[in-house]
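One structure below.
Laboratory data are not the source of any read-out in this text; all were calculated from the coordinates shown. The structure displayed is predicted, hence computed values, not measured ones. Positions of Cβ are backbone-derived with ideal geometry, glycine not excepted, and every protein chain shown enters the neighbour counts.
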Amino acid sequence: MTDSFSLRALTLALAPATLTELGIPNPGALLDAGAADSPDGPLCWLRRGEGLVGFGEIASFAGTGVSRFSDAEQWWKSLLATADVDDSIRMPGTGAMAFGSFAFSKTSAFESVLIVPALVVGFSAGTAWLTQLSLDGTVPTAESALGLLRDLASSAPSASLSPSLESSTPDSASAGTVRSGALTEEQWKGSVQAGVAAIAHGGLEKVVLARDVLATFPTPVRRVSILQRLVGLYDECWTYGVRGLVGATPEILIKVDGSTAQARVLAGTLDREDEPAGSTGFADTVLGGSIKQRHEHDFAVRSLTRQLAPFATDLSFPAEPFILELPNVWHLASDVTAQLASSNGHVPTSLALVEALHPTAAVCGTPREESATLILELEKMDRGPYAGPVGWLDGAGNGEWGIALRGAVLEDAHTVRLYAGAGIVEASDPEAELAETWAKFRPMLQALKLPNRP
């Protein structure tokens, strides 16, 4: 970024007639616009026909280590300090905003990023908007913003404005192959056994162990096709795209809207392929009735609420989890709501809460530090952005940050690294945990048009 100019942002409402004229029924219709196959775009955060799509990069932060969250927050605040923002809508996601992705571990070499796009299209609660941002002295206007949007809409193939699942699959995906990453299946099951032994030894209640697989293709993978297919198949999840990181997460680490914060905790999984034909109430009985799964879920809820409590004046969550039904699995889920406490007239920003909450027991374990140390020892890999926070924030402190699950990193045009993990407790069985990882790989395998379990 340049130090010569201040950040400028103009947000204007998009009328239904304008959206109809441009053929944009929802933000996902623009996924194939512009340089769609560039590894740097589009940026996206989409669910149920709503969300944000960003194009271009006018500024970015990159950092590593234990201070990556606070460094990113300071960088963002420095941009906002002199920003000129014209925002008549004033909803979460309007005005100055940035997309972000953070590495799971403070030891990771993978760079955590915040990215300020040049143009953002947003849909939320029946309102659509367009934001143009600049950092080169350009003064955004309604005419310039709409001109950029028209150019993007005209660049999108007509089929992408209402993409079918079939048309959005990568042409080359069926020819891809999958192989083990850092550990073979047998080696990873050995790590699970070691995790169970560590828990039995005492001092550790749960550890989440992840594994990776590598998919390779003879012809280039289309990033946009992956995103389109995830949007189509996993509408209940939040489809994210930040440079080479793509996926569809069912889990929200934190969402901040003014003084209200919300989180969705998932822990406890049942593969939907295990359901007997003609059965009823299978998930309620097998998942809801499992002491092991309920134990794992309770760890995750207690972890998040304990970390969130110092920032809240009121904190609520249900006594019993509900069963979240997704196309590939069922999860035990609990939605947590908090009213944020004010300090000197300000509530904590979404990014400040991300720093406090990450990593939760759902992706790390309990106790947190001991689990994180064991993860580094047993996984034999750098998770990179997998299971790290991914989402967006705005200039008012609002934001939505998911946990980067059910995702992958596009390492180059022909190589995609997929990640999945499982919560290990004393009652865990290595073979069952391995099967759970394949169930969690399934969304990305489907998006790549690969077999569910090669």
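Trypsin sites (Lys or Arg not before Pro) within the range 195-229: which are DSSP loop residues with at most 11 other Cβ atoms inside 10 Å?
In loop regions of the range 195-229 (DSSP not H, G, I, E or B), there are no sparsely surrounded trypsin sites (Lys or Arg not before Pro).
Which of Ser303, Ser428 comes first, and how do the rest follow, when ranked by fewest Cβ neighbours within 10 Å?
Least crowded to most crowded, the residues run Ser428, Ser303.
Treat the count of other C-beta atoms within 10 Å as a stand-in for reagent exposure and order Ile199, Ile226 from fewest to most.
Sorted ascending by nearby Cβ count, the order is Ile199, Ile226.
Amide H of Arg406: which non-local residues (sequence gap of 5 or more, or other chain) have their own amide H closer than 5 Å, using H built in the peptide plane?
Counting only residues 5 or more places away or on other chains, the set is empty.
Given a cut-off of 28 Å, name the pairs among Lys106/Lys440; Lys255/Lys449; Lys77/Lys206; Lys206/Lys449 whose C-alpha atoms lie farther apart than that in the structure shown.
Violating the 28 Å limit, Cα to Cα: Lys255/Lys449; Lys77/Lys206; Lys206/Lys449.
List every residue whose amide H lies under 5 Å from the amide H of Ala156, counting only residues 5 or more places away in sequence or on a different chain, with H placed 1.01 Å from N in the peptide plane.
Amide H neighbours of Ala156, under 5 Å, 5+ apart: Gly34.
Taking neighbour Cβ counts within 10 Å as the exposure measure, how do Ser259, Ser191, Ser78 sort from fewest upward?
Exposure proxy ranking, most exposed first: Ser78, Ser259, Ser191.
Between helix 185-201 and the chain, what is the angle of the helix's C-alpha long axis to the longest principal axis, kept within 0 to 90° and rounded to the nearest 10?
It works out to around 70 degrees.
Could you work out [θ]222 nm for the chain from helices alone, using -39500 (n - 2.57) per DSSP H run of at least four and dividing by all its residues? Round to the nearest 500 deg cm²/dmol.
Dividing the helical sum by the residues of the chain leaves -8500 deg cm²/dmol.
Please list, in chain and number order, the residues 5+ apart from Ala267 or on another chain whose amide H is under 5 Å from its amide H, with Hs placed from the backbone.
Close amide H contacts, sequence-distant or interchain: Leu332.
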